[in-house]
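Below is one structure, written out as structure tokens, with a few remarks after it.
The values are calculated or read from the model by the stated rules, or taken from the named source; none is laboratory data. All figures in this text were calculated on a predicted structure; none of them were measured in a lab. As a convention, Cβ positions derive from the backbone with ideal geometry for all residues, glycine included, and neighbour counts pool all protein chains shown.
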Amino acid sequence: MTDRQSQRERLDELVASLYPTLHAIARRRLKKHGLRSISPTDIVHDCYVKLARAKAMRNVRPTEFVALASRAIRNVLVDRAREHGAVKRGGRLGRVTLDGGSLASPEEVDLLSLDVALQKLALVDERQAKVVEMRYFGGLSHVEIGRFLGCSERTVTSEWRMARAWLHRELERG
């Protein structure tokens, strides 16, 4: 068996065991982002395709996998928002609300602006950007994020607060 085949088998195992979790995450994100032209199943399948292209899936633990899936879900949603907002299709960019389990503000921001802001945050503080990605796009708890990043829940909570404040300032600048 080749290394590529064993990685694919590991990915298949992880997706099968975590499918309900990934589907629930995708369903919540689609509802929050107001994207009705795609199903949670489509998101999970697109996520699978992105992860299948990734390297080193063989030794990934389930918590790490959900973190990687969070990034893939973010990328899929951003890609879909771009498609949805394409001028040639007459679409509008998807708007997201940064409240509740997300970024705690009633204002709306488009998903593409959030993606750009997260890219900028990653240049300033990569760990904060990962915390936002895993919490906002992956639905992970602070405890789960801490396990993945190798830090305490308290540290994740602090990073989450700082990242939210930074993102709000960045998004207000437009």
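Structure summary
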quantity: Restricting the stretch 15-38 to residues that are charged (D, E, K, R) and either within 18 Å of Arg135 (Cα to Cα) or within 14 Å of the chain's Cα centre (by Cα) (or both), the residue that is surrounded by the most Cβ atoms within 10 Å (Cβ to Cβ); calculated: Arg29
quantity: Verdict on Asp125 being modelled with pLDDT of 85 or more, more than 13 Å from the chain's Cα centre (by Cα) and under 20 Å from Ile145 (Cβ atoms); calculated: yes
quantity: Within the stretch 123-145, tally of residues that are farther than 21 Å from Arg28 by Cβ, free of Cβ contacts under 8 Å to residues at least 12 places away in the same chain and not charged (D, E, K, R); calculated: 1
quantity: Checklist (1) closer than 20 Å to Tyr136 by Cα; (2) modelled with pLDDT of 85 or more; (3) not acidic (Asp, Glu) applied to Leu14, failing item; calculated: (1)
quantity: Extreme residue, farthest from Leu140 (Cα to Cα), among residues of the stretch 29-54 that are among the basic types (Lys, Arg) and either modelled with pLDDT of 85 or more or touching a helix residue (DSSP H, G or I) at 6+ places or on another chain (Cβ under 8 Å) (or both); calculated: Arg36
quantity: Val156 vs. criteria surrounded by fewer than 16 Cβ atoms within 10 Å (Cβ to Cβ), in contact with a helix residue (DSSP H, G or I) (Cβ under 7 Å, 6 or more places away or on another chain) and under 25 Å from Lys31 (Cβ atoms); calculated: no
quantity: Residue within the stretch 5-15 that is among the β-branched types (Val, Ile, Thr) and farther than 24 Å from Arg80 by Cα present; calculated: no
quantity: Residue that is under 15 Å from the mean Cα position of the chain (by Cα), at pLDDT 75 or above and of a type in the set (Asp, Glu), where the choices are Glu170, Glu153, Glu64; calculated: Glu64
quantity: Subset of the stretch 142-174 (residues that are of a type in the set (Gly, Ala, Ser) and closer than 19 Å to Val60 by Cβ); calculated: Gly146, Gly150
quantity: Residue count for the stretch 80-92, restricted to those that are at pLDDT 80 or above and either under 22 Å from Ser6 (Cβ atoms) or exposed (fewer than 13 other Cβ atoms within 10 Å of the Cβ) (or both); calculated: 0
quantity: Flag if Arg161 is modelled with pLDDT of 90 or more and either in a helix (DSSP H, G or I) or within 19 Å of Ala24 (Cα to Cα) (or both); calculated: yes
